[in-house]
Structure formats: structure tokens, C-alpha cells
Amino acid sequence: MTAGAARVHRDPEPGPDPASGRDPGDADAPWPRGISRQPTMRISDVLRALGQEFPSVSHSKLRFLEEQGLIEPVRTPSGYRQYSQADVERLRFVLTEQRDSYMPLKAIKERLAAMDADPDSAEHPAPRLAGIGAPARRRWTARSVADAAGVTEEFVQDLARSGLLPASGGTFGSSAVDVVRIAAALAQFGIEPRHLRSFRTAADRQVTLVDQVVAPLRSQQATAARGRAASMAGEMGELFTRLHAAWIRQGIDDLG
């Protein structure tokens, strides 16, 4: 059962049962359960709810995910889209998998289908409901990165000076903590920030190549084209990551 098939027809549902605290019909609902499916949010509300955690999310991105069957907002008689809090959670899951795991949309859709088939499985991520405009850290200071990664602030600054942590206004993006943790683990083997510059350069070149491929789509006015560009970029990033890992594994095997 796909995400789209799970909700072919969605009428506005009654509110939660005061006696149970759950929406009527929740037992047959797809993932996530226990969260309101009342379509009360406009697309601007959804963008506000997700924008701090996913700054690049846009109208075109949401509409593209809808076209791919990953989300199905209710349409008003005048054609406007309306979303529920459960829709926001599904969107957050999709965007997180794309950002953190570079998972292609086809695989995300299959994961959602499995979650819909057994919404109560402990193996599924717990919904992380956030109110409209809820605070979320978008930028990190050297001190906060160091605290989160369990390293010294000087180590973070060394990585920044080596060009491994691009900064904007003295702060870093959401990937900084992961980069610092990995660099710290490599430092235990005597690998210093200066040794990692070639890796950063190679990554930048791959990003440039991805940009060249998707630029024609991203420049189009059609929302579907821009959404497709974002999806293609994520999938190519995943393929580059897998290719690099395969080459590293092959080289390590040859050492033996």
C-alpha cells in the first residue's frame, strides 16, 4: 500500500474523541497515528512549520512531493490545498531522509508504504510534532558544535580554517556536527584537518557537477521542474556517496 493509496479519498474528519484523546478511525489510519488529520493548514503554514529545519523547502518542492504520491493534501472546493499535522509529519520524514540519508524518493515511498502497513511498529521513527513557528536551530556556533560533537572549540576552528567547515557570518550549517564527529574519529588515527582538504575539494567538485546537471530544470518557472531538480540532486548525491564508498572498500580490500 503506497502513501497515495492509503488516502485516496479524505474527507475532513471529526475531532479527537475526548474520552480517548485519539481521532476516530485512527486504527485504520496510515503513519503517523495519534496526530490530527484535520486539514486546517494552508501551504504557507506548512512552510512556516518546516522552514526552520529545512530552509530550502518551497511551494514547488511540496507540490512535487504531492505529484510523486508522497503526500496528499485535501483540496477545497476552490482548489486550494489544505494540510493536517499528520501531513506535516510525513513531509518532515521525507525531507529528513532526503537530507540526512540521501535516500531517493522511490525508496522513501517504499519505506512510507511499509510504515503505513504497520503504523505502530517500534521500528518506525516516532513523530516529532512541532507547532507552527517552533524554534529549531538553523545555524551553529563553534562553541555549540564543539559541545554537540564532544571536542574542543579549537578543533572546530582548525577544521574551519582548513576549509572543511564553510561558515557564514561566523556560524555553521546543520551538517557541521557530523563533519566534526567524523574528523575527530579520524584524528585518533593521526589524520589531521590538513589531510582532509582533498576530500573536501572532491566533494565540492561533485556538487558542482550535480549543479550543472540540474541547473536547466531549476531555472524553469514550472513548479514541477524545480521540484524534480531538487529530487535529482538528492539522488545523484546518494549515488556519488555510494560510488565513493565502493572505491574506498575496494582499495581497503586490496591492502589485504
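Rule-based calculations on the coordinates, nothing more; no lab input. Quick caveat: nothing in here was measured; it's all calculated off a predicted structure. Cβ placement follows ideal geometry from the backbone for every residue including glycine, while neighbour counts extend to all protein chains displayed.
Here are the numbers for this structure:
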quantity: Stretchable slack from L47 to T171, in nm (0.36 nm times residue separation minus alpha-carbon distance); calculated: 42.3 nm
quantity: Linear extension gain, D100 paired with A215, 0.36 nm per residue minus alpha-carbon span; calculated: 39.2 nm
quantity: Separation of the T223 and E153 label points, Cα + 7 Å toward Cβ, nm; calculated: 4.5 nm
quantity: Paramagnetic reach from R249 (point 7 Å along Cα→Cβ, amide N under 18 Å) across region 77-103; calculated: 101-103
quantity: Segment D118-E192, extension gain: residue separation times 0.36 nm, minus the distance between their alpha carbons; calculated: 22.0 nm
quantity: Cα→Cβ-extended label distance, 7 Å offset, between S162 and R33, nm; calculated: 4.9 nm
